[in-house]
Amino acid sequence: MLYRAVAHKCLRSKSTFSSDTAIFFAKNIEPTDLDNPELRSEACGNFASKLAEINRVRQELVLFQRNFPHKKAGAVLDGRDIGSVVFPDAKIKFFVTADLAVRAKRRIDQYKKIGQEYSVKDISNKLEERDRRDRNRKVSPLICMPEAIVYDNSKVSFKRLNKEIIEIVEKKYKSLKLNTINKKKGQEP
C-alpha cells in the first residue's frame, strides 16, 4: 500500500512526473496516506509497480517500514520484498500465493467495489506483467525466501487464511519462546 500511496500522490500531482517527485512523496509518506480507498485502483497498482523500480523510492519506503510505529510490539506487514529486504531477519515469514485466475477474479471483485469494471483477460494480463516486472527488477526483486512458509490460498477464503496463519504464528511463537527460555537455562532447544 505504501507504493500505491506514492503512486496516488504522483498521479494526483499537478507537476510533471519525475523520479524526484516520486522520491519526495516517498520521503513524506504518512500512515494516514494508506487509508484512501482510491489506492486500490488499477491506475495506482500499475504505477506503484513501476515506482518500485526506482531505487531511491524503495530506500525511502524501506526506511519507513523499518521504523513502522508498532515495530517493537510486533507487526504483520505484507509486500513483495518484506521478508527478503525489509525484514530479512524476521522470525516468521510467509510467501502467500494464488493461481493467476483466482487472483484476477479477486482483483475484479475489488475493483467492482470501487466502481471500476475490467475484463478477466485484461486483469490477468496486467497481473502477469506486474509479476514479471517485479520478479525481474534489479532492486529488491520478488522472490520467495527459502525459510518462508509457502501458502497457496487459491482455494481458501481470506477468513480461513487469516485463521490458519494465526495458528501457525502462535505455534511458531511458542516454539521460539521455549527455545529462548531453554537457552537462558543453558539447555539445548
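The values are calculated or read from the model by the stated rules, or taken from the named source; none is laboratory data. Only a predicted model underlies this, so the values are computations on that prediction, with no experimental measurement involved. Here the Cβ positions follow ideal geometry from the backbone for every residue, glycine too, while neighbour counts run over all protein chains shown.
Scanning segment 1-50 for residues that are in contact with a Lys or Arg (Cβ under 8 Å, 6 or more places away or on another chain) and of a type in the set (Ser, Thr, Tyr) gives Ser19, Ser49. All conditions but one from (1) touching a Phe, Trp or Tyr at 6+ places or on another chain (Cβ under 9 Å); (2) small (Gly, Ala, Ser); (3) modelled with pLDDT of 90 or more apply to Gly79; the one that does not is (3).
Answer with yes or no whether Lys112 is charged (D, E, K, R) and outside any loop (DSSP other than H, G, I, E, B). When the stated conditions are applied, Lys112 passes them. Taking segment 3-84 as the region of interest, the helices (runs of 4 or more DSSP H) fully inside it that hold 2 or more residues being without any contact (Cβ under 8 Å) to a residue 40 or more places away in the chain are 19-27, 55-66. Which of the residues belonging to segment 101-126 are touching a residue at least 24 places away in the same chain (Cβ under 8 Å), among the aliphatic types (A, V, I, L, M) and within 22 Å of Asn162 (Cβ to Cβ)? Correct list: Val102 only. Looking at segment 36-59, can you tell me whether even one residue there is in contact with a Ser or Thr (Cβ under 8 Å, 6 or more places away or on another chain), modelled with pLDDT of 90 or more and among the charged types (D, E, K, R)? Yes - at least one qualifying residue is present in segment 36-59. Looking only at residues in segment 135-158 that are in contact with a Ser or Thr (Cβ under 6 Å, 6 or more places away or on another chain) and not in a strand (DSSP E or B), the one that is nearest to Ile54 (Cα to Cα) is Ile143.
Checked against (1) surrounded by fewer than 13 Cβ atoms within 10 Å (Cβ to Cβ); (2) of a type outside the set (A, V, I, L, M, F, W, C); (3) modelled with pLDDT of 90 or more; (4) closer than 24 Å to Gly45 by Cβ, Lys113 meets all criteria but (3).
Could you please let me know if Ala90 is touching a helix residue (DSSP H, G or I) at 6+ places or on another chain (Cβ under 8 Å), without any contact (Cβ under 8 Å) to a residue 12 or more places away in the chain, of a type in the set (A, V, I, L, M, F, W, C) and within 21 Å of Ala148 (Cβ to Cβ)? Considered against the rule, which asks whether it is touching a helix residue (DSSP H, G or I) at 6+ places or on another chain (Cβ under 8 Å), without any contact (Cβ under 8 Å) to a residue 12 or more places away in the chain, of a type in the set (A, V, I, L, M, F, W, C) and within 21 Å of Ala148 (Cβ to Cβ), Ala90 comes out as yes. Go through Ala26, Ala75, Ala101 for me and flag whichever is of a type outside the set (S, T, N, Q) and over 16 Å from the mean Cα position of the chain (by Cα). Step by step, each of Ala26, Ala75, Ala101 is checked, and only Ala101 is of a type outside the set (S, T, N, Q) and over 16 Å from the mean Cα position of the chain (by Cα). For segment 94-110, check the following and say yes or no: at least one residue is out of contact with any His (no Cβ under 6 Å at 6 or more places or on another chain) and at pLDDT below 90. Scanning segment 94-110, I find at least one residue that is out of contact with any His (no Cβ under 6 Å at 6 or more places or on another chain) and at pLDDT below 90, so the answer is yes.
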